[in-house]
Amino acid sequence: MSNERILIIEDEADILSMVSLRLKSRGYEVCGAETGLVGLRLISECNPDLILLDLMLPELGGLDILRRVRSDKRYARIPVLIVSALGEESDVVVGLELGADDYLSKPFNMSVLVARVNALLRRACAEAIDNTHTSDSNSNKLSKVLIFGSLRVDTESYQVFISDKQIVLTGTEYRLLVALLTAKGRVLTRNQLIDAAIGNDAIVIDRTIDVHLASLRNKLGKMRDIIETVRGVGYRICQ
Ligand code: CA
């Protein structure tokens, strides 16, 4: 199997060379671009398995690149990890809603970056295998039981258990929990959670999502810390 290829679009030369070196030392092939337009061109030339995307870029911004990637069938499934400067949270939120898979804020720890890259590539690979299986059998599209440590969610009976003791959630809390578990550690923004939570019994607007999550955490008791608040951005399940 050939090495996985990573495209880094980053205008800070120091960061670009540091990240390239580290990823190469882990066996990845790396292409680098210092402007948005070069980055866009390299997506077709270098055919990457994953894109590391800075947001503030000369010529063409990271969000514009992301928009083009996600609207192009050939590239729509490439995992995108946003690497953004502090203070760009609102852009990060837009990026996640445009379909970025994860984000990391600068300055970052290089080992954390490598871990996130590995996790995204593993997930992309698992999803590709899943898709092959579903197209084979066309059944069992969703696993019926979601398990996270001692937490168990039966998505057929809508029941939730912690260490075999049932906990009772409202419809909104249940949908939020399932959305977070299904995202497998990916950050979900408030808007994404609102989309997931809207059901017959719920009218959910912006910050009220925080109230529902606080209540869900309370009911999770000793497992409350599995839901991590990502400040200014949203929520995720701690891996
Ligand atoms: Ca930049």
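Bear in mind these aren't lab numbers, they're just calculated from the coordinates by the rules spelled out. These numbers come from a predicted model, not from an experiment. Every residue, glycine among them, receives a Cβ derived from its backbone with ideal geometry; neighbour counts consider all protein chains shown.
Cys residues of the chain that find no other Cys beta carbon under 4.7 Å: C125, C238. In the chain, the longest principal axis of the Cα atoms and the axis of helix 171-182 are about 40 degrees apart.
Amide H contacts for L57 (H built 1.01 Å from N in the peptide plane; partners 5 or more residues away or on another chain; cut-off under 5 Å): G62. Shape summary: segment 43-100 maps onto an equivalent ellipsoid whose semi-axes, from the alpha-carbon gyration tensor, are 19, 12, 10 Å in decreasing order.
Need the list of lysines near K184 for cross-linking: C-alpha distance under 26 angstrom, and skip anything on the same chain fewer than eight residues off. Within the straight-line cut-off, K184 pairs with K73, K106, K141, K144, K165, K219, K222. Near D49: Cβ cut-off under 11 Å, other residues only, Lys/Arg at +1 and Asp/Glu at -1. The net charge is 0. Taking V114, V30, V92 as the candidate residues, the one with maximal mean-square fluctuation in a Gaussian network model of the chain, Cα springs under 10 Å, is V114. Can you classify segment 5-125 as rounded, prolate or oblate using the Cα gyration tensor, where a ≥ b ≥ c are the square roots of its eigenvalues, rounded means a/c under 1.5, and otherwise it's prolate if a/b beats b/c and oblate if not? Since a/c stays below 1.5, the shape of segment 5-125 is classed as rounded. Angle of helix 13-25 to the longest C-alpha principal axis of the chain, folded into 0 to 90 degrees and rounded to 10: 70°.
Size descriptors for the chain: radius of gyration and Dmax over Cα atoms are 19.1, 56 Å. Charged neighbours of A115, selected by a Cβ distance under 12 Å, balance to +3 (K, R count +1; D, E count -1). For K24, a cut-off of 13 angstrom between C-alpha atoms picks up these aspartates and glutamates, skipping any fewer than 8 places away in its own chain: E4.
Net charge of the neighbourhood of V30, taken over other residues with C-beta under 14 Å away and scored Lys/Arg +1, Asp/Glu -1, is -2. When both bridge partners sit in the chain, DSSP labels roughly 50% of those beta bridges antiparallel.
Sort the following peptides by mean Cβ neighbour count (other Cβ atoms within 10 Å, averaged over residues), highest first: 61-70, 212-221.
Going from most to least packed, we get 61-70, 212-221.
Which of rounded, prolate or oblate describes segment 140-180 when judged by the alpha-carbon gyration tensor and an a/c cut-off of 1.5? It comes out oblate by the Cα gyration axes. Extension gain for R152 to T35 (0.36 nm times residue separation, less C-alpha to C-alpha distance): 37.5 nm. Residues in segment 216-228 carry Karplus couplings, in order, of 4, 4, 4, 5, 6, x, 5, 9, 4, 6, 5, 9, 9 Hz; the curve used is 6.51 cos²θ - 1.76 cosθ + 1.60 with θ = phi - 60°, and Gly or Pro positions show x.
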